[in-house]
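Asker: Dropping a structure here in structure tokens format, bear with me for questions.
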Amino acid sequence: MRGIIRQKAEFPVLPDLRNLGTILRILLAVNGAALVVAFAREQRWDALITQWIALTSFVEPNLLLELVILAMIAPWLSGMRYRDGVAVIALVTVAVTVAVHALVDRIMPGLAGSLARQIVIALGMALVLLFYFNLRVKALSPAIAEARLQALQARIRPHFLFNSLNAVLSLVRSDPRRAETALEDLADLFRVLMRDNRELTLLEDEVLLCQRYLDLEKLRLGDRLVVDWNVKSMPGDALIPPLVLQPLVENAVYHGIEPSSEPGTVSINLFLSRGEVHAILKNPVLGNGRRHQSGNRMALENIRERLALHFDAEASLESRVTKESYEVHIRMPYRTQRPEPAVEPHADAQRHGGLPRNNVHRSRAKAHPRGLPGVPQTEIASG
């Protein structure tokens, strides 16, 4: 499933007809147009609502039936060229209009109105909506670059890099192999963070990234950092925007673990429920209710914006503070269709025996399900 906003400059494009935001905009636009027509026909305010209801009683059956059909064939439409897709939508519009007109004429003879006029209006509205969605994609495309800039600013804080390097330096003589593995983890982590992160990624890859980050933090925080992974019901094949979980995990460590001298638990719960992917992250709060220094809202706003760019109204991010913890809850639609894979640099493939770096990561993860060898591992709870 592609995001609601295409990440490549390919215009014109068909809208995602299964997206909740797209469906709501179509409903609002068509019913708004019916209200304008009712206002033009009826000048008296007391009769305006009656006129609007009369119009929508004919419009709504057409609209709802067409939306259902288009949602059913949306995967097929997404693989078509734009012109072919528009032609199919036009055919569906005409067929639905004819079918509903025949049904109304059979139930209420003489009240169905002119079929030709209804076809022209329905086709006109469909073309106007397609034009609007193309304008919206073009208008929001600059926001992709802006969101990426914000993502760069909201990524791993400089203090983490310096602290991690100092932790590795302390191991160089006492445990060289462990230090080497930690440096590899650090390089892998920053490579992911600095690549083009506009395409959707697998949830299992995002979890592996978070585990690498937490393993590095474990080097310096030691027993103060306890991680409770609950991934038994996690849909690893779900597609999510990249760098959605890692900034939240970093915030949890920075605000919940670092300020305290006592051990603290960062809880990460990932599960699938009713066709939606849920991610719930919790971290301790200070006894006085304050967060470490000033609470950084940049990561939350950045993630919320990128969720909207990819999933529109189908995704959400909520946060709350309780007496014992700070909780972030992300909700996303469950999508599994992989986007077009990014082409890895040839030199990078050669360094890893002809395999893309992604595949090298995944192979190591499978060989060591609790993380990478030689680095203190965070616990994974499967309950």
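Asker: Report yes if some residue within region 63-75 is without any contact (Cβ under 8 Å) to a residue 24 or more places away in the chain, open to solvent by 30 Å² or more (accessible area, probe 1.4 Å) and over 25 Å from the mean Cα position of the chain (by Cα); otherwise report no.
Answerer: Yes, region 63-75 contains at least one residue that is without any contact (Cβ under 8 Å) to a residue 24 or more places away in the chain, open to solvent by 30 Å² or more (accessible area, probe 1.4 Å) and over 25 Å from the mean Cα position of the chain (by Cα).
Asker: List the number of the failed condition for M108; all other conditions in (1) surrounded by 17 or more Cβ atoms within 10 Å (Cβ to Cβ); (2) at pLDDT below 90 hold.
Answerer: For M108, the exception is condition (1).
Asker: Open to solvent by 10 Å² or more (accessible area, probe 1.4 Å), part of a strand (DSSP E or B) and among the hydrophobic types (A, V, I, L, M, F, W, C) - does that describe any residue in region 257-278?
Answerer: Yes: one or more hits.
Asker: Oh, and also: Please specify each residue of region 284-307 satisfying the condition of being at pLDDT 55 or above, touching a Pro at 6+ places or on another chain (Cβ under 7 Å) and closer than 26 Å to P263 by Cα.
Answerer: Residues satisfying the conditions are L286, A299.
Asker: Sticking with this one: Specify the residue that is most open to solvent (accessible area, probe 1.4 Å); the eligible residues are those in region 76-102 that are modelled with pLDDT under 85 and in a helix (DSSP H, G or I).
Answerer: S78
Asker: Within region 44-60, can one find any residue that is within 30 Å of M332 (Cα to Cα), part of a helix (DSSP H, G or I) and either modelled with pLDDT under 90 or open to solvent by 60 Å² or more (accessible area, probe 1.4 Å) (or both)?
Answerer: yes
Asker: Being basic (K, R), at pLDDT below 85 and in a loop (DSSP other than H, G, I, E, B) narrows it down to one of R173, R220, R191, so name that one.
Answerer: Answer to the check: R173.
Asker: Between a first residue in region 23-43 that is closer than 15 Å to S57 by Cα and open to solvent by less than 70 Å² (accessible area, probe 1.4 Å) and a second residue that is assigned to a helix (DSSP H, G or I) and among the hydroxyl-bearing types (S, T, Y), which pairs have beta carbons less than 6 Å apart while being 6 or more apart in sequence or on different chains?
Answerer: Hits for this filter: A34/T56.
The values are calculated or read from the model by the stated rules, or taken from the named source; none is laboratory data. Bear in mind that the values here come from a model prediction, so they are computed numbers and not experimental data. With ideal geometry, Cβ positions are generated from the backbone for all residues, glycine too; neighbour counts draw on all protein chains shown. These accessible areas exclude ligands, DNA and RNA; they are computed on the full protein's heavy atoms, side chains included. Shrake-Rupley method; radii C 1.70, N 1.55, O 1.52, S 1.80 Å.
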